[in-house]
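Report on the following structure.
Since every read-out is calculated from the coordinates, none of them should be taken as a lab result. Model, not experiment: these values are computed from the prediction. Using ideal geometry, Cβ is built from the backbone for each residue, glycine included, and neighbour counts are taken over all protein chains shown.
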C-alpha cells in the first residue's frame, strides 16, 4: 500500500536474506519458531493506521460502557475462576484489510481477545526485519525498546521478584509459540512453567527452579483454560477453579469475556454485523455470513459457507455467532507479481489503574488462501505466514 517501500523491499529481497531473517530469529530465541514466517512485512499507510485506531478506540469505549453482568454471562460455569479483576491486562484486536464499496482500503473487525499474544516475539521480529533491511528503520515503531520492556515488566512482573513470577502454559515445549516464551524469559527474567509442574499446598502455589522450591505470586497465563478438558489423562495438582493466593496476568475469565461473544454487541463502520446463532433474523441471507464458535483458537471450527442444515443441527446455538462476510483485498505484491491478503492484530496492554490500554506492537498475518490462519496456505506459496506491519509517516 506504500509503493515506495514495497518497491524497495521487493528489489532488495533475496532467498539469502529470507534465510538470514529466520536464522537471526532462531538464534535469538535459541529455538525455531513453530509457525511460518512471511518473507515480507506488511506496508500500510498513515491514513489506514488512523482508521485502525479510530475503530479500536470506539470498540474500547463500547466495552468500557458494558455492564459487568453482561460480560460475566460470557464465562461458562464450568470455567469460572475465582478472584476476577475489573479489567483485563491484555487486549488484542484483529482486523482484516479489505476494500469498501467505494474502493477505499479499510479495516474490518475479525475478532478480539483479552489474551496475550506474541508480544516479545513481535518486537524481535520487527527488529530483525530492520536488521536485514536497514531502510525499514525509518518507518519502524517509534516506542523505544526500554519503554516497551518497562511496560511489559510493570504489567507482568509488577513489584515482585521475577523468580516469583512464571509464564504458565501446558506442555510449553510442544507449543508453536515456544519461541515467544523464550524471548519473554530473556526480556523479563521469568521462568516458563508447565501446568503439570505446579505444586499446591493450601492456597499457595509453587514450582521448582534449579532444585529449589519457589513460591508463585504472579502468573503470566498462556493456558487456554477450556482446552484442558481435551487433553487425555491430564494430571495436575492445581485446578484453575480453586482458590489460590496468586495474581493472574491476565485473569482466565477474560478469555471468555473479551471474545466473539462481544461481536453482536459492537457497532462501528468497520465492525461487520454479527448475530448469535439463536438470534439470527429470518430476513438475513445466511450465505452472506461466516459461522464461528464463540470460543475457538487459531480458526478452528470456523465455517465460511454455512447452510441451514448445518446451523439447524447445532444444539448449543448460543455458543455460535454468524458474522457478515468481509472480503480481504489482495494488495501485497510479491516478487512474482502475485498478491497476498492480510490481517493485522493490534497488541495492547491494560495496566490495572489505567483508564485505557496502551498499544505496544502489532502482528501481521499474510495469506493467499481462503482463511488467513497460516495452516491453510499451500506449502510452496510465498508472502504468507506471520508478519509485522510498518506504517508510512504521512
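Classify the stretch 297-372 as rounded, prolate or oblate from the Cα gyration tensor: take a ≥ b ≥ c as the square roots of its eigenvalues, call it rounded if a/c is under 1.5, otherwise prolate when a/b beats b/c and oblate if not.
Since a/c reaches 1.5 but b/c is at least a/b, the shape of the stretch 297-372 is classed as oblate.
Which log10 I(q)/I(0) values does the stretch 57-171 give at q = 0.13 Å⁻¹ under the Debye formula, counting every alpha carbon as one identical point scatterer?
So the normalised log intensities are -0.84.
Enter the mean projected area of the convex hull around the alpha-carbon atoms of the stretch 273-325, in nm², rounded to one decimal.
So the Cα hull casts an average projection of 3.4 nm².
With 10 angstrom as the radius, rank 315, 12, 173 by how many other C-beta atoms surround their C-beta, starting from the fewest.
315, 173, 12
For each of 366, 143, 1, count neighbouring Cβ atoms within 10 Å of the residue's Cβ, then give the residues from fewest to most.
143, 1, 366
Rounded, prolate or oblate: which one fits the stretch 1-130, using the alpha carbon gyration tensor with axes a ≥ b ≥ c (rounded when a/c is under 1.5, else prolate when a/b beats b/c, else oblate)?
Note, shape of the stretch 1-130 comes out oblate.
Would you mind ranking 365, 324, 230 so that the residue whose beta carbon has the fewest other beta carbons within 10 Å leads the list?
Fewest-to-most Cβ neighbours within 10 Å comes out as 230, 324, 365.
Between residue 324 and residue 278, what length comes free when the chain is fully extended (0.36 nm per residue of separation minus the Cα-Cα distance, one decimal in nm)?
15.0 nm
Can you compute the FRET efficiency between residue 101 and residue 159 using 1/(1 + (r/R0)^6), with r the Cβ-Cβ distance and R0 = 41 Å? Round to the nearest 0.05.
E between residue 101 and residue 159, to the nearest 0.05, is 0.20.
Considering Cα pairs under 8 angstrom that are at least six residues apart, work out the relative contact order of the stretch 273-325 and quote it in whole percent.
Computed value for the stretch 273-325: 56 percent relative contact order.
Please give the FRET efficiency for residue 86 paired with residue 11, using the beta carbon to beta carbon distance and R0 = 45 Å, rounded to the nearest 0.05.
0.35
If the elastic network links every pair of Cα atoms under 10 Å, which of 277, 66, 167 fluctuates the most in the Gaussian network model of the chain?
66
Return one quarter of the surface area of the convex hull spanned by the alpha-carbon atoms of the stretch 145-289, equal to its mean projected area, in nm².
That works out to 12.9 nm².
Would you work out the relative contact order for the chain, in percent, from Cα pairs under 8 angstrom that are 6 or more residues apart?
Over the chain, the number comes to 25 percent.
Jot down the per residue volume, in cubic angstrom and as a whole number, of the convex hull over the alpha-carbon atoms of the chain.
It is 153 Å³ per residue.
Which translational diffusion coefficient, to the nearest whole µm²/s, is obtained for the stretch 110-187 from the Stokes-Einstein equation, given a Kirkwood hydrodynamic radius over C-alpha pairs, 20 °C and 1.002 mPa s?
This corresponds to a translational diffusion coefficient of 149 µm²/s.
Of the candidates 141, 283, 83, which one comes out as most mobile in a Gaussian network treatment of the chain with C-alpha springs shorter than 10 Å?
283
Antiparallel DSSP bridges in the chain: what percent, to the nearest 5?
Looking only at bridges with both residues in the chain, the antiparallel portion is about 75 percent.
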